[in-house]
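One structure below.
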Amino acid sequence: MSQISYKDAGVDIDAGNSFVENIKPLVKSTKIPGVLGGIGSFAGAFELPKGFNEPVMLAATDGVGTKLKLAIDSGIHNTVGIDLVAMCVNDLICNFGTPSFFLDYYATGKLDVDVATNVVAGIAEGCKRSECALIGGETAEMPGMYSTDDYDLAGFAVGVAEKSEMDRVSLVRAGHKLIALPSSGLHSNGFSLARKVLFEKMGMKFDDKFNGKTLIETLLEPTNIYVKTFKELKNQIVAMAHITGGGIVENLPRVLPENLMAEVKKDAIKVLPIFELMSEHIERDEMFRAFNMGVGMILVVDEKDVNTVLSKTDGYLIGEIKDGSRQAKMV
């Protein structure tokens, strides 16, 4: 009677080992002070940073969503890893946490070593942009769970904050100004709606020219990472809101106390061309609920620090904090 191997069942252990060898230099390129050991052990290790009076560990997890479908269909795999890191570390800094390390989870129907290596190259690049270390991850080959070419990603970022600096909501006051930091595009939210409008409703193709690039290049533009801006301007920032799913109207209220509102001037927002294109088929209010509309992060800043922040970023004023019930009011 013939014997059946794990490879016959669709899982190639040798391919997994080859993949690990491929990514070792990528992981090494993200090493920063605090990393203990390398990949290959049962867990990654990172020494708790010094210099904190009451250090608090923060963690954030996220994925890339249906933006992955565009990467898979187009064969462009080296940017979604940046998105994965960005979605996690951009959340951490909103709680005044400095990212320390990152781990990823890569699941697929059949491991393609080249594709997976490209994805991890993007993750490593995202870590370098975030000044944090990639210290481990997991690769799962699951035939029958995913189709052969499909893969999914999840990421996990851990950082450290000073306990006394974490409660930003209590520091927000009427009169504080709102500064928008531009997004690079859709970032990693709203792609189910974007795909439906652009490809089903409008009949566009990946190679269609749009705003000086192909449409697929525009859509796969990686999410901006704001860690370095946070580190440089930490003392001039009262609070931060990462503008992801739900847009400005859903995310900005998360940094407001019950008795204050954020008044945002719609006309002040520098809406990116890709959003203008889709707005031909989506109501404006729905656009602001589904997309970032060109604003990746909003900083709440004391009036005395506005000029400093504006001079050191590509940000711009979009509104202010006022008395009222907690909400983001678009005017």
Taking the structure as given and computing Cα Rg over 2.2 N^0.38 Å, which label from [x] 1.23; [y] 1.15; [z] 1.06 fits? [z]
Label Ile13 and Lys69 with points 7 Å out from Cα along Cα→Cβ: what is the distance between them in nm? 3.7 nm
Region 117-192 to region 293-331: how many Å between their Cα centroids? 22 Å
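Expressed in nm², what is the orientationally averaged projection area of the convex hull enclosing the Cα positions of region 145-223? Before the final figure, lay out the partial values.
Details: hull surface 40.6 nm².
Quarter of the Cα hull surface area: 10.2 nm².
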Computed FRET efficiency, Cβ-Cβ of Val172 and Glu47, R0 51 Å: what is it to the nearest 0.05? 0.90
Ordered by number, the trypsin sites (Lys or Arg not before Pro) in region 1-101 that occupy a DSSP loop and have at most 13 other Cβ atoms within 10 Å are Lys7, Lys31, Lys50
Suppose each label sits 7 Å from its Cα in the direction of the beta carbon; what would the Glu165-His281 distance come out to in nanometres? 4.5 nm
Taking 0.36 nm per residue of separation and subtracting the Cα-Cα distance, what length does fully extending Glu263 through Asp207 add? 16.2 nm
Among Tyr106, Tyr146, Tyr226, whose mean-square fluctuation peaks in a Gaussian network model of the chain (Cα, cutoff 10 Å)? Tyr146
Give the aspartates and glutamates reachable from Lys329 as a straight Cα distance under 12 Å; neighbours fewer than 8 places away on the same chain don't count. Glu250, Glu263, Asp285, Glu320
Taking placed amide H atoms and a strict 5 Å upper bound, the residues 5 or more places from Glu320 or on another chain that come that close are Leu178, Glu263
Taking only DSSP H segments of four or more residues, each worth -39500 (n - 2.57), what value at 222 nm results for the chain once the sum is divided by all its residues, to the nearest 500 deg cm²/dmol? -8500 deg cm²/dmol
Take the Cα of Thr308, step 7 Å along the line toward its Cβ, and report every residue of region 94-120 whose backbone nitrogen sits under 20 Å from that point. 94-98
Can you tell me which aspartates and glutamates have their Cα less than 18 Å from the Cα of Lys234? Leave out same-chain residues fewer than eight positions away. Glu54, Asp91, Glu131, Glu162, Glu165, Asp167, Asp302, Glu303, Asp305, Asp314
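Given charges of +1 on the Cβ of Lys and Arg and -1 on the Cβ of Asp and Glu, with all other atoms neutral, how large is the dipole of region 96-160 about its Cα centre, in debye to the nearest 20? Write out the running numbers ahead of the final one.
Details: 3 positive and 10 negative charges, 56 e Å.
My answer is approximately 280 debye.
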Karplus-derived 3J(HN,Hα), 6.51/-1.76/1.60, for each residue of region 134-141, Hz, glycine and proline x: 8, 10, x, x, 9, 10, 10, 9
Starting at 0 and stepping by 10 Å, how many percent of the alpha carbon pairs of region 59-124 end up in each bin? 20, 52, 22, 6
Probe 1.4 Å, heavy atoms of protein chains only: per residue, the accessible area of the chain in Å² is 47 Å²
Let's test the formula: R0 of 25 Å, r as the Cβ-Cβ distance of Glu21 and Ala140. What FRET efficiency results, to the nearest 0.05? 0.85
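Taking all protein chains as present, what is the carbon and sulfur share of the accessible area of the chain, in % to the nearest whole number, probe 1.4 Å?
Values: 7580 of 15580 Å².
That share works out to 49 percent.
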With 18 Å as the limit, write out which pairs from Lys177/Lys304; Lys270/Lys304; Lys177/Lys266; Lys24/Lys128; Lys69/Lys270; Lys110/Lys196 have Cα-Cα distances beyond it, or answer none. Lys270/Lys304; Lys69/Lys270; Lys110/Lys196
Looking at region 60-205 only, what percent of DSSP beta bridges run antiparallel? Nearest 5 please. 60 percent
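The values are calculated or read from the model by the stated rules, or taken from the named source; none is laboratory data. Just so it is clear, the model here is predicted, and its values are computed rather than measured. No Cβ is skipped: glycine too gets one built from the backbone with ideal geometry, and neighbour counts run over all protein chains shown. Areas reflect the complete protein model, heavy atoms only, side chains present, ligands, DNA and RNA absent. Shrake-Rupley method; radii C 1.70, N 1.55, O 1.52, S 1.80 Å.
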